[in-house]
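The values are calculated or read from the model by the stated rules, or taken from the named source; none is laboratory data. A quick note: this is a predicted structure, and the numbers were derived from the prediction, not measured. Glycine also receives a Cβ, built like all others from the backbone with ideal geometry; neighbour counts cover every protein chain displayed.
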Amino acid sequence: MPTNPPPPKVDLHTHTHPSQPMPGVISIQSLSLSTGISFPEEQGLYYSLGLHPWELPSLGDDALEMLEYHLDREPRIIALGEAGLDRRCDTDFALQVHLFEEQIKISERRQLPLIIHLVGAQDELLRLHKKYSPRSPWVIHGFRGKPSSARPLLDKGLYLSFGEHYQGESLTLANHFGRAFLETDDQATLPIGSVYELASSVLGIEEEELTQSLWIRAQRLFSGRICWQ
């Protein structure tokens, strides 16, 4: 009698394209208009695409048009981002807010989750969340803040994704809310399995249980756009 394959580990946000398919892993690779775009067809590989606040000065006036162009043509782009707000970078903050708002509108229109880069601008982010009352999920990637910072985001229904470094109490809180994910971000040599291993220890649950929980959570987040054999 056939048995169901074990669920995959989900790397919610990575900039690294694996040199070969990674058994047992689904990766959401973050792409950038500023570095060129390709979409290799590999098992377990999906994409997000957005306008990162660091890159806005180097993008042309047609950046939003190009973003929509790729969204129209590539069904494996299952999230928008990373978009976001960063008060510690040199990009004009008014420009950041404007293009972040435009990406909120795209996210809502296309019903795609929004993957968010957030540095020093949580109050502004919450203001925009209140303004737009989005129905599509928002995910703060690479979250390293304390529980006191995590709680207002979780209370508004946002998800938090955790990488190599984070506050254990924040991960525990987000997982209690059912809104934690794990990622490798830009750490090319960091296997997602190591992130899961540490997180399961922090949370005090078996790694298999965590993997199953995050897989079910990811299927909901991406509205069934991801699949596994």
Any idea which of Ala94, Ala79, Ala83 is farther than 19 Å from Arg225 by Cα, within 14 Å of the chain's Cα centre (by Cα) and not in a loop (DSSP other than H, G, I, E, B)? Ala83
Note down all Cβ pairs under 9 Å where the first residue falls in the range 217-229 and is surrounded by fewer than 18 Cβ atoms within 10 Å (Cβ to Cβ), the second is charged (D, E, K, R), and they're at least six residues apart or on different chains. Gln219/Arg225; Arg225/Arg76
How do the helices (runs of 4 or more DSSP H) wholly within the range 134-229 filter down when requiring 1 or more residues that are within 23 Å of Glu42 (Cβ to Cβ): which remain? 192-203, 207-221
Going through the range 31-76 one residue at a time, which ones are at pLDDT 90 or above and assigned to a strand (DSSP E or B)? Leu31, Leu45, Tyr46, Tyr47, Ser48, Leu49, Gly50
Any chance Pro6 is farther than 25 Å from Leu126 by Cα and either touching a Gly at 6+ places or on another chain (Cβ under 8 Å) or of a type outside the set (Ser, Thr, Tyr) (or both): yes
Take the residues in the range 149-168 that are closer than 19 Å to Glu197 by Cβ and over 15 Å from the mean Cα position of the chain (by Cα); name whichever of them is surrounded by the most Cβ atoms within 10 Å (Cβ to Cβ). Tyr166
Please work out which one of (1) in contact with a Cys (Cβ under 8 Å, 6 or more places away or on another chain); (2) under 26 Å from Gln229 (Cα atoms) is the condition Pro53 fails and give its number. (2)
